[in-house]
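The values are calculated or read from the model by the stated rules, or taken from the named source; none is laboratory data. Predicted model, so just to flag it, every value in this text is computed and none were measured. Methodologically, a virtual Cβ is constructed for each residue, glycine included, from the backbone with ideal geometry; neighbour enumeration extends over all protein chains shown.
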Amino acid sequence: MRAFFKRATAWILAVLTTVILGVSLQTQNVIARLSNIGADVGIAERLSMTLYDLRYLGTLYALFVGVALLIAFSVGAFVFRLAKFGRPIIYITAGAVAVLIMLFSMKQAFFDIHMIAGARDGSGIGLQMLAGAIGGYVFSRVSPKT
C-alpha cells in the first residue's frame, strides 16, 4: 500500500510539473507570436497572462495530462520490467511521447482544432514535449524504483 501512495504522489507531482511548465511555455509562445506582429507585451502582462492561463487553462489541461501520463507511465513501468535498465530515460521518453499523442488526440477529438494555442507549430509542440519529458524525469526520481 505504501508503494501505491508513493507512485500516486510521484504521478501527481509529474502532472503538476508538466502542467505548470506546459501552460507557462505555451503562454510565452503565444506572447512571442504577438510580439512578432508588433504587440508590445511587458513583463507585468506576461506574468498576468501566465497566471491567468495556469488558473483557467491549467485545470482542464491537467485532466488531459493526467490521463496521458497515467497511461504512459504504466507502459513505461512495463518496459522497465522487461529492460531492467534505463529507468529515467524510459520515463522521460514516456512523458514526452504522452504529451505528443495527447496533443494530436485532442486535435482529432475537437474537430481538427489545436486546443493548445502555443502548440500549433513544431517549436510549440517541442516545448510541450519538453514539459512532458521533465514531468517524466520527476516521476522517475520520486516514484519507487521497483
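The residues of the stretch 52-69 that are of a type outside the set (D, E, K, R) and surrounded by 14 or more Cβ atoms within 10 Å (Cβ to Cβ), listed by number, are 54, 57, 58, 61, 62, 64, 65, 66, 67, 68, 69. If you check 77, 14, 96 for being over 17 Å from the mean Cα position of the chain (by Cα), at pLDDT 95 or above and among the small types (Gly, Ala, Ser), only one passes: 77.
Contact map, the stretch 48-70: residues that are over 19 Å from residue 130 (Cα atoms) paired with residues that are assigned to a helix (DSSP H, G or I) and among the polar types (S, T, N, Q), Cβ distance under 6 Å, separation 6+ or inter-chain. Pairs shown: 49/27.
Considering only residues in the stretch 76-91 that are exposed (fewer than 11 other Cβ atoms within 10 Å of the Cβ) and among the hydrophobic types (A, V, I, L, M, F, W, C), the one that is farthest from residue 136 (Cα to Cα) turns out to be 82. Of everything listed in (1) of a type in the set (A, V, I, L, M); (2) surrounded by fewer than 17 Cβ atoms within 10 Å (Cβ to Cβ); (3) under 13 Å from residue 14 (Cβ atoms), the single unmet condition for residue 94 is (2).
Residue count for the stretch 1-42, restricted to those that are farther than 23 Å from residue 115 by Cα and of a type in the set (Ser, Thr, Tyr): 1. Against the definition (part of a loop (DSSP other than H, G, I, E, B) and either modelled with pLDDT under 95 or in contact with a helix residue (DSSP H, G or I) (Cβ under 6 Å, 6 or more places away or on another chain) (or both)), how does residue 30 come out, yes or no? For residue 30, the condition - part of a loop (DSSP other than H, G, I, E, B) and either modelled with pLDDT under 95 or in contact with a helix residue (DSSP H, G or I) (Cβ under 6 Å, 6 or more places away or on another chain) (or both) - is not met. From the list 10, 3, 39, 14, the one residue that fits, being over 22 Å from residue 133 (Cα atoms) and in contact (Cβ under 8 Å) with a residue 40 or more places away in the chain, is 3. Screening the candidates 144, 88 for the property of being over 16 Å from residue 65 (Cα atoms), at pLDDT 95 or above and not hydroxyl-bearing (Ser, Thr, Tyr) yields one hit, 88.
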